[in-house]
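Here's the structure we're looking at; comments come further down.
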Amino acid sequence: MAERLDGTVALVTGASSGIGAAAAVSLASAGATVAVAARRKDRLDALAGGLRDQGGTVLVLESDVTDEAQATAAVERTVAELGRLDTLINNAGVMLLGPVVGAPLSEWQRMVELNVLGLLYCAHAAVPHLLRAAEDSPRRVADMVNISSVAGRIARTGSGVYNLTKHGVGAFSESLRQEVARRHVRVSLVEPGATATELAGHNRPEVLENLGAQFAGTERMQAEDIAEAITFIVTRPRHVAVNEILIRPTEQER
Ligand SMILES: NC(=O)c1ccc[n+]([C@@H]2O[C@H](COP(=O)([O-])OP(=O)(O)OC[C@H]3O[C@@H](n4cnc5c(N)ncnc54)[C@H](OP(=O)(O)O)[C@@H]3O)[C@@H](O)[C@H]2O)c1
């Protein structure tokens, strides 16, 4: 049975679009107070406005999580202004594809800085608060959900560095899961397949064309489909930890 999240606080990174925005809406509807972080404040304000209209409390955090100080501040402001942190959705990410040969190094740097370091900065700042929440909250459990990808399970030509970052997220998540399991902080991994968001749009035109051809005729998932999986994970009772969810569009073969 799903539990309600009333009285809990969730921080969602990358909440200005796509999966992060949908996750914030879904967690708020399950009763959580949400803090939403990203760089585009106008988008966060619009999201927060909608949630407040429905009676929710929302903290908007304009932050670039590739900057250690800003990532840490996002976590600390959440705790200072909302009183606690029960749930971290480590979602902000970028996917820049294409062959290794001739790839712009700047694309690799962006992916490592956000998908790996940004996620680590948020995790590092959040863990002490999650451990405390697992001790003193009525539910006596806390959650970190890290958003990986099918690309975190299987490496393929044309996505080498994205594969590297998402495999890294998987390895880190499993190690941390083992470290904090007995203290009732659940560390979970969500691995989506093709989902209709802004993610692919940051690629070079030739890469985008290739991607379009690859997924032509495939019905993609919606961000809400992934948000539902995230909310399923964090609403489990204390003794149930959903460690990993791999979720593809029905027609996606690989
Ligand atoms: N869509 C898919 O098919 C798919 C599949 C597998 C995995 N995923 C994963 O799902 C996650 C969410 O992606 P999405 O599909 O929802 O894409 P999206 O719509 O592009 O969302 C990415 C989010 O990350 C934020 N972001 C980017 N750089 C940031 C930074 N430096 N600091 C803070 N936030 C930053 C963006 O906001 P700002 O630009 O406002 O900062 C945006 O809110 C990613 O980790 C992605 O790898 C997506």
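Any read-out appearing in this document is the output of simple, stated calculations on the displayed coordinates, not a laboratory observation. Owing to the predicted nature of the structure, the values given are computational and were not obtained by experimental measurement. We place every Cβ from the backbone using ideal geometry, glycine too, and count neighbours over all the protein chains shown.
Computed values, structure above
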quantity	calculated
Leading residue by the ranking (nearest to the ligand (Cβ to nearest atom)) among those in the range 87-109 that are assigned to a helix (DSSP H, G or I) and crowded, with 17+ Cβ neighbours inside 10 Å	Glu107
Selection count, the range 73-88, where residues are in contact (Cβ under 8 Å) with a residue 40 or more places away in the chain and either within 16 Å of Asp6 (Cβ to Cβ) or among the hydrophobic types (A, V, I, L, M, F, W, C) (or both)	10
Test for Ala126: is it part of a helix (DSSP H, G or I), more than 12 Å from the ligand (Cβ to nearest atom), out of contact with any Pro (no Cβ under 9 Å at 6 or more places or on another chain) and of a type in the set (A, V, I, L, M)	yes
Matching residues in the range 197-219 - criterion: being surrounded by fewer than 16 Cβ atoms within 10 Å (Cβ to Cβ), farther than 24 Å from Gly102 by Cα and either acidic (Asp, Glu) or within 7 Å of the ligand (Cβ to nearest atom) (or both)	Glu198, Glu219
Hey, Arg84 within 16 Å of the ligand (Cβ to nearest atom) and under 26 Å from Leu189 (Cα atoms) or not	no
Complete set of residues in the range 203-242 that are assigned to a loop (DSSP other than H, G, I, E, B) and touching a Leu at 6+ places or on another chain (Cβ under 7 Å)	Asn203, Thr235
Yes/no for Tyr162 being within 14 Å of the chain's Cα centre (by Cα), more than 20 Å from Thr235 (Cβ to Cβ) and of a type in the set (Phe, Trp, Tyr)	no
